[in-house]
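The values are calculated or read from the model by the stated rules, or taken from the named source; none is laboratory data. Nothing here was measured: the structure is a model prediction, and the numbers come from that model. Quick reminder, even Gly has a Cβ in these numbers, built from the backbone with ideal geometry, and neighbours come from all protein chains shown.
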Amino acid sequence: MIIRKTDLELLKMRQSGLLVHDILRACAEMVAEGVSTWDLEVVAEKMIQDAGAVSAFKGYYVPTAGSKYPAVLCTSVNDEIVHGIPNRKRILKIGDVVTVDTGVQLDGYFADSAVTVPVGEVKPEVAKLLTVTREALELGIAQAKPGNRLFDISAAIERHIHGNGFSIVREYVGHGIGTRLHEDPQVPNYVDRRNENPRLKPGMVLAIEPMVNLGHAESKVLSDKWTAVTRDGSYSAHFEHTVAITENGPWVLTRP
């Protein structure tokens, strides 16, 4: 069941979204050679605590992992697609890319966002991967308006990614969001006729998040049972925003 939010609920989600934005901005500004992914975690956790919020990720239980997620951030480096766990020993170096993904609950409502950040200068094909993935997200967001269907978002993302020669991760998709981190509907980054294709209505809120690989689409999960990586070792990029459908069009809750 898709839960539509009231105007008051959207304002509460907006506050969560702005906190997520501030956390990601602070982390992105820290990204540099010699910084560890744990350094980012420390800053993010303090910001969440100082705001009186609760991490959406830390303590989140996933049956397939058989454990609760141990951090407030997912920090996925290079061939890591999603759910990379911050680590004191994971030191960033020039040419890396790191996806920083986080979510918070504030006043009972969630927001979720992610950004992939280059560490210094990266190879041209990697820079293009980041640009195209970011563009795909914006094209998807532009379709998040009343009267469209969910697959209008999916198709816009899919066309741009495939049109630029990259591949779309199929095992992980976007989602509805509200009083729970994951709500209906699923938001695939490709048109999947096996999935529901509801008409978009005001009050729906979606976490739209293309995950895109430089090489092949296939992924696997490492022995930690959390970190998903590309099977061919190619780089991956991930950008995400929490977006409300309103009478006036898409409202991105996770940016000013």
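Could you say whether any residue in region 194-206 is on the phi < 0 side of the Ramachandran plot, of a type in the set (Gly, Ala, Ser) and modelled with pLDDT of 95 or more?
No.
Here are the criteria: (1) in contact (Cβ under 8 Å) with a residue 40 or more places away in the chain; (2) in contact with a Phe, Trp or Tyr (Cβ under 8 Å, 6 or more places away or on another chain); (3) among the small types (Gly, Ala, Ser); (4) outside any helix (DSSP H, G or I). Tell me which single one GLY59 does not satisfy.
Here GLY59 clears every test but (1).
When only residues in region 1-28 that are under 18 Å from the mean Cα position of the chain (by Cα) and free of Cβ contacts under 8 Å to residues at least 24 places away in the same chain count, which is nearest to VAL187 (Cα to Cα)?
Looking at the filtered set, the residue picked out is ARG25.
Is there any pair with a first residue in region 37-51 that is without any contact (Cβ under 8 Å) to a residue 12 or more places away in the chain and at negative phi and a second that is surrounded by fewer than 16 Cβ atoms within 10 Å (Cβ to Cβ) and not in a helix (DSSP H, G or I) whose Cβ atoms are under 9 Å apart and which are 6 or more apart or on different chains, and what are they?
Listed by first residue and then by second, the contacts come to ASP39/ARG88.
Restricting to region 113-142, and then to whatever is touching a helix residue (DSSP H, G or I) at 6+ places or on another chain (Cβ under 7 Å) and outside any helix (DSSP H, G or I), can you tell me which residue is nearest to LEU253 (Cα to Cα)?
This residue is SER113.
Quick one: what pairs do we get from region 82-110, first residue under 18 Å from VAL54 (Cβ atoms), second surrounded by 15 or more Cβ atoms within 10 Å (Cβ to Cβ) and basic (Lys, Arg), C-beta under 6 Å, 6+ apart or different chains?
These pairs meet every condition: ASP107/LYS12; TYR109/LYS12.
Going through ASN189, ASN197, ASN164 one at a time, which residue ends up being surrounded by 17 or more Cβ atoms within 10 Å (Cβ to Cβ) and in contact with a helix residue (DSSP H, G or I) (Cβ under 6 Å, 6 or more places away or on another chain)?
ASN189
Could you list, in sequence order, the residues of region 1-21 that are surrounded by 15 or more Cβ atoms within 10 Å (Cβ to Cβ) and either acidic (Asp, Glu) or modelled with pLDDT under 95 (or both)?
Within region 1-21, GLU9 is the sole residue that qualifies.
Among the strands (runs of 3 or more DSSP E) confined wholly to region 166-256, which include 2 or more residues that are in contact (Cβ under 8 Å) with a residue 24 or more places away in the chain, aliphatic (A, V, I, L, M) and farther than 18 Å from THR102 by Cβ?
Strands (runs of 3 or more DSSP E) meeting the threshold: 241-246.
Which of the residues belonging to region 72-82 are more than 16 Å from MET30 (Cα to Cα) and surrounded by fewer than 24 Cβ atoms within 10 Å (Cβ to Cβ)?
Listed by number, the residues that qualify are ASN78, ASP79, VAL82.
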